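Here the structure comes first, spelled out in structure tokens, and everything after it is commentary.
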Amino acid sequence: MQQFAKAEDYTKQMWRPWKSGDVYAPHDLSGAEQKKWKTGRTAPQTDAFDVLGINPINEYKNYTMMSEFMTEMGRIKHSKLTGLRPVNQRKIAKAIRRAIGLGLMPSVHRHPLVVKNSSPTRFSS
């Protein structure tokens, strides 16, 4: 029983999510190294749409705002990257899909470097 309590106490002190098969060195278990993992995961505390009082669905015509929530390749960013709460993340995704459906935003965005490195005959008409 004491060993179980001791193991439980150690797992509470570790901030890094260890998985089976992970390789680690003894210094990875030190307090300073564990502190890096604790401070490394900071999520935004406030949602931008809640602060501004904006409904994301109504902003489907605002290309500048919609492009902030998309990657260079045209995919919708994850909520971990946007910092939006789930309700607003779904609304912004719906607004982006609506803008793409109406033709206000490109459905597939080609990054200039991707177009430059591709074969020139492929995109010529």
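The values are calculated or read from the model by the stated rules, or taken from the named source; none is laboratory data. Just so we're clear, the structure is a prediction, and the values are computed from it rather than from any experiment. Glycine also receives a Cβ, built like all others from the backbone with ideal geometry; neighbour counts cover every protein chain displayed.
Structure values in brief
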read-out: Residue tally, condition of a type in the set (Ser, Thr, Tyr) and assigned to a loop (DSSP other than H, G, I, E, B), over region 45-70; value: 2
read-out: Hits in region 71-97 - residues which are part of a loop (DSSP other than H, G, I, E, B) and either surrounded by 14 or more Cβ atoms within 10 Å (Cβ to Cβ) or among the aromatic types (Phe, Trp, Tyr) (or both); value: GLY74, LYS77, GLY83, LEU84, ARG85
read-out: Residues that are surrounded by 11 or more Cβ atoms within 10 Å (Cβ to Cβ) and at pLDDT 85 or above, drawn from region 18-54; value: ASP47, ALA48, PHE49, ASP50, ILE54
read-out: Verdict on ILE100 being at pLDDT 90 or above and touching a Leu at 6+ places or on another chain (Cβ under 7 Å); value: no
read-out: Odd one out for TRP15 among (1) at pLDDT below 80; (2) of a type outside the set (D, E, K, R); (3) surrounded by 10 or more Cβ atoms within 10 Å (Cβ to Cβ); (4) not in a loop (DSSP other than H, G, I, E, B); value: (4)
